[in-house]
Every structure is written in C-alpha cells, then in structure tokens.
1. So Asp261 ticks every box in (1) farther than 16 Å from Asn321 by Cα; (2) touching a residue at least 12 places away in the same chain (Cβ under 8 Å) but one. Which box is left unticked?
2. In the list Ala396, Ala382, Ala362, which residue meets the criterion of being modelled with pLDDT under 85 and either surrounded by 14 or more Cβ atoms within 10 Å (Cβ to Cβ) or more than 16 Å from Leu291 (Cα to Cα) (or both)?
3. Evaluate segment 351-358: report whether one residue or more is in a helix (DSSP H, G or I), free of Cβ contacts under 8 Å to residues at least 24 places away in the same chain and either surrounded by fewer than 19 Cβ atoms within 10 Å (Cβ to Cβ) or not aliphatic (A, V, I, L, M) (or both).
4. How many of the residues making up segment 297-319 are over 19 Å from Ala374 (Cβ atoms) and surrounded by fewer than 16 Cβ atoms within 10 Å (Cβ to Cβ)?
5. Take Asn209 and decide whether it is modelled with pLDDT under 85, out of contact with any strand residue (DSSP E or B) (no Cβ under 9 Å at 6 or more places or on another chain) and in the same structural domain as Gly239 (by TED's automatic domain parsing).
6. The conditions are (1) at pLDDT 90 or above; (2) under 30 Å from Gln394 (Cβ atoms); (3) in a helix (DSSP H, G or I), and Thr254 fails exactly one of them. Which is it?
Amino acid sequence: GASKLNTGVSSASTGASQLSSGLGSLQGQIPTLTSAISALDAGTNKLTNNSAALVSGANQLASGANQVASGSSQVTTGLTTLKGQVPTLVSAISALDAGTNKLVANSATLNSGASQVASGNEQMYTSIQSLVGQMQTLQDGLKTASDGTKTINTGVGSANSYLTGLKDSAAAKTYYVPKSTLKGKTYKSALKAYMSGNNHATKLTIVLNENPSSKSAMDKVTAIQKQATNSLKGTALDGATIAIGGQTSETNDTQAIASSDFVRTAAIMLVGILIALMVITRSVLQPFYILGTLLLAYIMSLSITRILSNWFLGQSMLTWNTPFFGFIMLIALGVDYSIFLMMKYREFDNSAATPSTRIVRASAVIGAVVLSAALILSGTFAALMPSGVLTLIQVAMVVIIGLIILVFAIPTIIPSLIRLTYPLTDRMEDETTAEKQTKRNRQ
C-alpha cells in the first residue's frame, strides 16, 4: 500500500506540476484577455456614442469590464488558493466572451433601433413644436370666445332690459321703442326720414313679394288698410287718416272706382230698362224674364272671354274697363232684340191664338232679324281685334260671344219663361183656327 501511495503521490506531484505549468500559461494570457476586454470597452464606448438610448448600459458594461480586468490580477494571485475555482472562472470568462460576441453581433440591430429612436425623438419634437403653435391658436380662440361671451352677456342684459320695458309699456302689443333709443341720434335720423316736421304724420314703406299689378297684391293692400285702421282703434291715434300710395294702391283704387261706377251705372240701366219694358210689354213678370236672360248671356260671355284671353292672349285677367263697356254694349243690344220680340208678340194680340202660340210665332218671325243683326254687329266689333289694344280686343270678344248666346237664348229661353206665366191648360190650338180674328177679353 505504501508503494501504491508513493506511486499516487508521484502522479499527484506530476499533475500538480502540470497544473502549475497550466496556471502559469494562463497567467501569461491574462494580459491578452485584459487587452481584449479594453478593446471591447472601447468598442462599447463607440456604440454608446452612436446610441443615446444605450449610453447608460454601455457605461455599466465598461465598468464591469474594468472590474473584471482589475480582478484578473487578484485572480492570478489567488489562483494557488483558488485552484478549485479555476474551472468556474474559465466558464465565466467563456460566458463573458460569448455574451460579448452576441453584443457585437447585435450591435447593428441596436444601432438601427437607436437610429429609429432618434428619428422618433425628432418627429416627437416636431409634433410638440406644432402642438405649441396650436395651443397658442387655441389660447387665442378661447380668449376670443371669452370676449364673445362677455358681449353676449351684455346683449342678454340689454335684451332683458328691453323686454322688461316692453312688458311694462302700454305699446306691448303694437310698437315699443326704449327711451335710450328714442333719445339716440340714429333714431332721430330715422324719424326725419319717415316723419313729418311736426311729427304729426308718418310714412311706412312696404314692399310686397308679389306682382304689384296682380289681384293678390291688391287684396293685400286692402287688408293692410283695414289692419292699420283697426290697430289705431282705442289708441290716441283713433280716427287718424290712413292713406296708401304706390302702383299697387293706385291700381286698387282704380279698380274700386271702376267697380263702384260699374255697379251704379248697371243699377241705373237695369232699373230704367225694367220700367221701359214694363210699359212696352204691359207686364210685370216678362221684363224680369228678359233682363234675367240678358244678364245670363252677359255673365257667360264674360267668363268665356276671360278663358279665351288666358289661352290665346296670355292674359289671365280682364282689363278694368272691359266688364263696364261689355255690359253697356251687350245689354243695350239684347234689350233691342227683346223689344223687337215683344212688339211682334203684341201684333198677334187680336188673333184667336193662345199666348203660347203667339210667342212662338213672334220668335219665328224675329229670329231671322236677330240673327242678321247679330252677324252684322259681330263683324263690326271683330274689326276692333287687329287694333292690338287689349281692352278693345276683350270688349269685342265679350260682345261677339254675347250676341252668339243671345241668338239662341232670346228665341228659346224667353218664350219658355213667358209660358210659365200662363196656366198649363193653355195648349197650342189648331193652326186653322189660330188665324181667326177675335176681340180678346181684356178684363
């Protein structure tokens, strides 16, 4: 056993010598390792200079490398005592070398990331600068809004004061002007433009949104006149004179005057004709039948003339004097034809024929006269149409259409209406006895 122990001790001595030799070699390579670590530190410092984001980490890595370098001498000194820790140190150095290699391999990626970080920082700076300008604009807008709010607050206060004064004023439902406005220069200049020198008369300018010559515009003028008159009732201006001027008012006044003259003239004509017909026909009902027929023909001709004027002349309304002259012409001509009929009716008064037979015979005789006169007068009034004057054209149309209606109305409607004045037992007798002369009982 001693021999074996001696042999083992020799082997251990030999191994210790070899370990000592290896440690010596390792100690000789420690400066090289230190130099490599220094180079790594320099490269790390360059990488730190290229990336602001890696400065802190690179400094820490350099500090750690320096600590490793300074600790290498201590490791060399304590290698004899720390022989059992050499494999661990070797493994740590290998791991450090591998980590350094990985760091070097990833330096390009880190550099790209650092560039992206720098670019992002630049964009963020630009955005912050733009945001600063927008914040300034926002600040100016908020200042303007604050000033506007103050103005609105002032206006609301003025409106509140105005509404309070309007509520307490007697003119709350008509027209109210605050005292401050009444004493202002602007209102005084307006008063000079719309008030007389003694402030006893005022003028209001009204612009209608319609054709000034249309019927609806004239109706509005009449409505304004009534509204103004009604608004002054019960006030200090009750009974004041209200006058409306302008084109529409003048047209409306002309129409009112023409309508008044027409009604007055028509009434005088109808009453005079009625009395004359009562004398001629010696009847009370027959003149009403005749005038009724004439008025019906007049209304129909006037309506047809308005339709034709709208279709062919492009005029939806009749001129203001067309109804007046049309009435005079048509009634005068129609009365003449009716008188002719009734005079012929009276010529058969001494015959044995009944009234029905006599009126039919009178119509048969007078029909040719009426038709001839209507044709001649129609041609005469038709000569007015080429004149180009709208009133003459419409009056001619009223007369011509009215004559055409009377040609058929007088021989048919008047005999039918006269027939109603006699009992139903009055039948038309034989023509052979109708011509027999007899003296009629006039009781």
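1. Going through the list (1) farther than 16 Å from Asn321 by Cα; (2) touching a residue at least 12 places away in the same chain (Cβ under 8 Å), Asp261 breaks only (1).
2. Working: Ala396 fails: modelled with pLDDT under 85; Ala382 fails: modelled with pLDDT under 85.
Unique residue meeting the criteria: Ala362.
3. Yes, some residue in segment 351-358 is in a helix (DSSP H, G or I), free of Cβ contacts under 8 Å to residues at least 24 places away in the same chain and either surrounded by fewer than 19 Cβ atoms within 10 Å (Cβ to Cβ) or not aliphatic (A, V, I, L, M) (or both).
4. Looking only at that region, the number is 10.
5. no
6. (1)
Table: residues versus (1) touching a helix residue (DSSP H, G or I) at 6+ places or on another chain (Cβ under 7 Å); (2) without any contact (Cβ under 8 Å) to a residue 12 or more places away in the chain.
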{"position": "Met218", "(1), (2)": "yes, no"}
{"position": "Ala240", "(1), (2)": "yes, yes"}
{"position": "Thr248", "(1), (2)": "yes, no"}
{"position": "Asp253", "(1), (2)": "no, yes"}
{"position": "Gly272", "(1), (2)": "no, yes"}
{"position": "Met278", "(1), (2)": "yes, yes"}
{"position": "Pro287", "(1), (2)": "yes, no"}
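The values are calculated or read from the model by the stated rules, or taken from the named source; none is laboratory data. Every value quoted in this text rests on a predicted model; they were computed, and no experiment measured them. Neighbour counts run over all protein chains shown; Cβ positions are idealised from the backbone, glycine included.
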